[in-house]
Amino acid sequence: MRIFKKAAVLLMTAALFIMLSSCAQEIVQTGEDEARGLPVVGFSQLGAESDWRSANTLSMKENISEENGYTLIFDDGQQKQNNQIMAIRKFIQQEVDYIVLAPVTEEGWDTVLEEAKEAGIPVIIVDRMVNVNDENLFTAWVGSDFELEAEKLTAWMNEFFTVSGIDKSNINIVNIQGNIGASAQIGRTTGLRNACAQYGWNLLDEVSGEFTQAKGREVMEMFLKKYDNINIVYCENDNEAIGAIEAIESAGKEVGTDIMNGQIMVVSFDGVGKTALELAKQGKISCIAECNPMHGPRVKAIIDALELGLNPEKLEYVPEELFSADKTVSSYILDGKVYKVTELE
Ligand code: GZL
């Protein structure tokens, strides 16, 4: 009899261990919430690839919080769509009250969002967009206009070249893209391609740096081996720009705005991490198009509204600027609207 008891205890211990270790989710609040019955929000974050992503996660955790009346279940998808789909299915099994999704790419969400809809769970999309057949598969979206970010940055570039007397025939650009298929990559790449066609710049090449510093450095090293006339590096986020600058300086070249005397101009997106802002203050990143990561307050406001039975706006764009320490361009005009450049001291 004693043997059977021992075996039963061992089996139950093993089962408990498997259950706990298989759970990749992080319950950000502890047990007393269940007693208080706070609404539960399941958040599928795409990864932790960049300073922007860390700031976005912090903003969400600070706002979808116990003191604000919510229990948050956080899941890190590690930049894989399958992990995010599994997380959403777990949230459905857990019968959460709301699902928030920061999608790694635009395609491939129809089926799992149909399942959430059938379960009667409202879905809020943050940051990048989902491309679904039925817009009713999500209740609201909060994020950036990525193509407008690129239009602002390339307008600044055009103004800089014009004021500096640099002819378009001298402009040779390489683009270190973000994750292919992410809304931020699609918008920023489209904006650059349109600017090259509009202003007559020469776009030498485009390769994904996956929004990371390591891959950004690797792609820049490849570009420097392949081309001897690069004078503009367009990075689709700051972490890629940091990696690109490491590669450029390791190759014995200089980054800066004096492109007619051999310097290579680096421009990028985000304006969130300390390192990138420091490089911009030093003039090593010539201009950064802000990408605002602070979606937490807006997502909380949307859920608060839904809790009250109200209908939030379907799409909400966050305000964004341009940052630069270079004084050549203090403002620029886009579609008849004057934008001021925020000068970094
Ligand atoms: C933009 C966001 C992008 C950032 C990158 O909203 O999706 O992903 O620009 C991040 O830094 O990796």
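Between GLY191, MET265, GLN78, the Cα set farthest toward the positive side of the dipole of the chain (charges on each charged residue's Cβ, about the Cα centre) is that of GLN78. Contact order, relative form, for the chain: 15 percent (alpha carbon pairs under 8 Å, 6 or more residues apart, mean separation divided by residue count).
For LYS61, the accessible surface of its heavy atoms amounts to roughly 60 Å² (probe 1.4 Å, protein chains only, rounded to the nearest 10). Any idea what angle helix 81-93 forms with the longest principal axis of the chain, computed on alpha-carbon atoms, 0 to 90 degrees, nearest 10? The two axes meet at around 30 degrees.
Solvent-accessible surface of the stretch 46-167, taken per residue with a 1.4 Å probe and all protein chains present: 38 Å².
Secondary structure note: in the stretch 226-345, about 35% of the DSSP beta bridges are antiparallel. Using a simple spin-label model with pseudo-atoms 7 Å out from Cα toward Cβ, ASN194 and GLU316 lie 2.5 nm apart.
Largest accessible area first, the listed residues SER164, SER208, SER250 line up as SER250, SER164, SER208 when surface is computed with a 1.4 Å probe on the assembled protein chains. How tilted is helix 51-63 with respect to the longest principal axis of the chain? Cα atoms for both, answer in degrees (0 to 90, nearest 10). Roughly 40 degrees between the two axes. Cα centroid distance between the stretch 144-165 and the stretch 261-275, in Å? After rounding, the separation between the Cα centres reads 14 Å. Derived scalar couplings between HN and Hα for the stretch 276-283 equal 5, 5, 5, 5, 5, 5, 7, x Hz in order, rounded to whole Hz, by the Karplus curve 6.51 cos²θ - 1.76 cosθ + 1.60 (θ = phi - 60°), x for Gly and Pro. Going by accessible surface with a 1.4 Å probe and the largest first, MET260, MET157, MET129 read MET260, MET129, MET157.
Among beta bridges from DSSP that stay inside the chain, the antiparallel ones total about 15%.
Amide H to amide H, with H built 1.01 Å from N, VAL126 comes under 5 Å of LEU101, ALA102, VAL142, counting only residues 5 or more places away or on other chains. Database remark: amide H of LEU322 closer than 5 angstrom to the amide H of GLU290, THR342 (H placed geometrically; neighbours at sequence offset of 5 or more, or on other chains; Pro and chain starts carry no H). When nucleic acids and ligands are ignored and a 1.4 Å probe is applied, TYR199 ends up with an accessible area of around 50 Å². Over all orientations, the stretch 276-345 has a Cα convex hull whose mean projected area works out to 6.3 square nanometres. Once backbone amide H atoms are built at 1.01 Å from N, LEU315 has TRP141 as its partners under 5 Å, excluding neighbours fewer than 5 places away on the same chain. Kindly report, to the nearest 10 Å², the accessible surface of THR71 as traced by a 1.4 Å probe over protein heavy atoms only. Only protein atoms counted, so the area is about 0 Å². By how many degrees, 0 to 90 and rounded to 10, does the Cα axis of helix 146-164 deviate from the longest principal axis of the chain? Between the helix axis and the principal axis of the chain, the angle is about 20 degrees. Helices in the chain, meaning DSSP H runs of at least 4 residues, each add -39500 (n - 2.57). Divided by all residues, the mean residue ellipticity at 222 nm is -13500 deg cm²/dmol.
The values are calculated or read from the model by the stated rules, or taken from the named source; none is laboratory data. Everything quoted here is computed from the prediction, not taken from an experiment. Virtual Cβ from ideal backbone geometry, glycine too; neighbours counted across all protein chains shown. Heavy atoms of the whole protein, side chains included, go into the accessibility calculation; ligands, DNA and RNA do not. Shrake-Rupley method; radii C 1.70, N 1.55, O 1.52, S 1.80 Å.
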